[in-house]
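Since the structure comes first, as structure tokens, the remarks are kept for the end.
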Amino acid sequence: MRPVNPALSLKLPVARARVLLSLLLLGFAMLIGRALHLQVLQDDFLQRKGESRYARLLELPAHRGMITDRHGEPLAISTPVESVWASPADVEATPAQRRQLARLLDMSDADLKKRLSDPGREFVYLKRHLRPDVAARLVQLGIPGISLKREYRRYYPAGEMAAHLLGFTDVDDRGQEGIELAYEDWLAGKPGSRRVIKDRLGRVVEDAESVHAPIEGRDVALSIDRKLQYLAYRELKAAAAEHRAKAGAIVVLDAKSGEVLALANVPAYNPNNRSRRDAARARNRAITDLFEPGSTLKPFTIAAALEARLIRPESTVQTAPGYLLVGNARIDDVHPAGVLTVSQVIQRSSNVGVAKLALALPREQLWSVLSAAGFGVPPRSGFPGEVGGRLRDYQSWRPIEHATLSYGHGISVSLLQLARAYTVFAGDGALQPITLLKRAAPGAGTRVISPGTARAVRAMLETVVGPGGTAVRAQVLGYRVAGKTGTAHKLQGSAYAPDKYVSSFVGMAPASDPRLLVAVMIDEPDNGDYYGGVVAAPVFSAVMAEALRMLSVPPDAPATLVEPGDEMHPGGALPEVREEV
Amino acid sequence: MIRINLVLLCLLVICALALVTSQHRARKLFTELEKEQDIAKQIDVEWGQLQLEQSTWAMHSRVEQIARGTLHMRVPPSERVRLVPAPKRSAP
């Protein structure tokens, strides 16, 4: 027999084996439980943690659409710039590096230090909209934790001349004013994103999921003609400076289609300079400000009277003795005259004449022509903040209001609205819909007066610019011009200010078949002259002459001019309509 | 039986290596594609900047200034302008 290992013959207690076994089983159970915990319960969390080691979500910025003029010339372009941001916890910079960085960012070292001292934040903008060359030098510093983010900044090559119309965007490239705001949805793109896998060197090696492509912003083509816009702004600015006016505005319309070819305001601002901008300069006065039009409204009264068959173009009106009493208020003419034809009433801008015609006309008829011509309702140009002016309901008119309305007091309009209303005379009595966007086909106008009336009034408006008219300075060499001056006292509170005027002129050319319509408004000229025929008409003439040449419109008149100097100075001014209480 | 298994093992190893290589090549190509796309984007950006530059140089105020100031150009007076009737275009 072989010797037996004594250890084998030892009899151990069974309980000991059981304890060991159960401990082993318990150990396995714990392992399984932990595995379950990680694999099933914490799965999502851990997966995400793991992914974040190599996967990155990249934002794909979308480009904001361009705003162009009618010929495709850019008026607003977005171009990429770099914004510098830091993740303070990750920044490892030596003091020397930090000083260099501060210099590049054009900020003080202390300021930079403060911004980088908050390790709780993961994202701090250090500077936005950096020039690409500065950004490139910054990258060369190679400081960890400092990164660039591509953003877009808006540039306006046309600068101040189209500033009011285009508006501007904020630092995040969202439209804040003007066209930028009105067509925000169309212009703005939608940023996309893609999840990618990056290798150790930070190179993208694979798309981890399907890419959400960014939706690029779309372009907007305006009806504006950049050349005309420049011309209009230049002339307006010169006139405003010459007459030391507080403000001014000009609108150039295509008389046929109602498209706005130019729209400028002074004072202006440079939209490329974000820091210096004040609200008064940023207002688009031609669309958002109201004024009392004065005599420029007279043609509509005459048109209403012609439509009602109350008068004919050759009818006469007695305007002697140069004033008219309505109730206890008095309406005056600057140059009292005797018997005038209807045409002469317009030519000399007689308040008495036009008031007499208006009073003979039922209120409702005067109101309906003015209302149909677009007064009192917004012109629906699509421009944010446009106003409709005030045209009171005819049922509440007192006789004096009925009379003053006929020459443009007690009614308020915007310049764009006034210009649009004149399309009634430029065409065949139809009011054209207005648009700031390039239009493929002319829109359908709405008839306001008959073609015959429109032609008759246009002929009267031509005499305004002719010898003995109030706007000899509105003449354009080689073209027949039709238009009307306006000079109105400004309302201050509820009374008319004696020495503050709004001078205006609205006209069209060539009068035989109008192509262009220009409306000029100069607010508070302060250099002695204030008559529309002296202040606003020359702006009209200069803009119209060059615009017709640019558009190569064939002349329709011999190349001679009437000498200015003895024009009538009438005025719609005259709110000598003071009511004696 | 063992022989088949050995052959299959070899095949498996070859396939595995091929997979690794092709994955690597795919990633390399992808990086290259990325690079090219970056260049395309860069060129796009440059185009925008050039457009901006062009329209800044072509500003009417600047053109006018040069035309009037440097080149002494002016609009001809009306007596020196002759109008020529537009030739009638033959119907297309």
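Remarks
- Residues in the stretch A:411-465 that are surrounded by fewer than 24 Cβ atoms within 10 Å (Cβ to Cβ), of a type in the set (S, T, N, Q) and outside any helix (DSSP H, G or I): A:Ser412, A:Thr435, A:Thr446, A:Ser450.
- Positions within the stretch A:33-56 being at pLDDT 80 or above and not in a helix (DSSP H, G or I), in sequence order: A:Gln42
- Condition check for A:Ile215: of a type in the set (A, V, I, L, M, F, W, C) and touching a Lys or Arg at 6+ places or on another chain (Cβ under 9 Å): yes
- Looking only at the stretch A:11-49, and only at residues there that are surrounded by 10 or more Cβ atoms within 10 Å (Cβ to Cβ) and basic (Lys, Arg), the one that is nearest to A:Ala208 (Cα to Cα): A:Arg48
- Among residues of the stretch A:140-153, those that are in contact with a Leu (Cβ under 8 Å, 6 or more places away or on another chain) and either assigned to a loop (DSSP other than H, G, I, E, B) or within 14 Å of another protein chain (Cβ to nearest Cβ) (or both), counted: 2
- Unique residue being surrounded by 10 or more Cβ atoms within 10 Å (Cβ to Cβ) and more than 28 Å from the chain's Cα centre (by Cα) when the list is B:Gln51, B:Gln42, B:Gln37, B:Gln23: B:Gln23
- Taking the listed residues A:Glu259, A:Glu235, the one that is more than 14 Å from A:Glu546 (Cβ to Cβ), crowded, with 18+ Cβ neighbours inside 10 Å and either free of Cβ contacts under 8 Å to residues at least 24 places away in the same chain or touching a strand residue (DSSP E or B) at 6+ places or on another chain (Cβ under 9 Å) (or both) is A:Glu259, with no other qualifying.
- Condition check for B:Thr31: under 30 Å from A:Leu75 (Cβ atoms) and either assigned to a helix (DSSP H, G or I) or touching a residue at least 24 places away in the same chain (Cβ under 8 Å) (or both): no
- Identity of the residue in the stretch B:70-83, at the interface with chain A (Cβ under 8 Å from one of its Cβ atoms) and outside any loop (DSSP other than H, G, I, E, B), that ends up nearest to A:Ile67 (Cα to Cα): B:Ser78
- The residues of the stretch A:195-232 that are touching a helix residue (DSSP H, G or I) at 6+ places or on another chain (Cβ under 8 Å), hydrophobic (A, V, I, L, M, F, W, C) and crowded, with 18+ Cβ neighbours inside 10 Å, listed by number, are A:Val204, A:Val205, A:Val220, A:Leu222, A:Ile224, A:Leu228, A:Leu231, A:Ala232.
- Residue match in the stretch A:72-80 (condition: small (Gly, Ala, Ser) and either over 30 Å from B:Leu52 (Cβ atoms) or in a strand (DSSP E or B) (or both)): yes
- Contacts under 6 angstrom Cβ, first residue in the stretch B:55-80 being among the aliphatic types (A, V, I, L, M), partner outside any loop (DSSP other than H, G, I, E, B), 6 or more apart: B:Met73/B:Ala67
- Any strands (runs of 3 or more DSSP E) falling wholly within the stretch A:154-268 and containing at least 1 residues that are touching a His at 6+ places or on another chain (Cβ under 8 Å) and within 12 Å of chain B (Cβ to nearest Cβ): A:192-198
- The residues in the stretch A:50-77 that are among the aliphatic types (A, V, I, L, M) and crowded, with 18+ Cβ neighbours inside 10 Å can be counted, and the count is 6.
- The listed residues are B:Ala58, B:Ala67, B:Ala86, B:Ala26, and the only one of them that is more than 9 Å from chain A (Cβ to nearest Cβ), small (Gly, Ala, Ser) and out of contact with any Gly (no Cβ under 7 Å at 6 or more places or on another chain) turns out to be B:Ala67.
- Subset tally (residues that are closer than 17 Å to A:Arg398 by Cβ and either surrounded by fewer than 16 Cβ atoms within 10 Å (Cβ to Cβ) or free of Cβ contacts under 8 Å to residues at least 60 places away in the same chain (or both)) for the stretch A:362-377: 4
The values are calculated or read from the model by the stated rules, or taken from the named source; none is laboratory data. Remember, it's a predicted structure, so these values are computed and weren't measured experimentally. Here the Cβ is made from the backbone with ideal geometry for all residues, glycine too, and neighbour counts use every protein chain on show.
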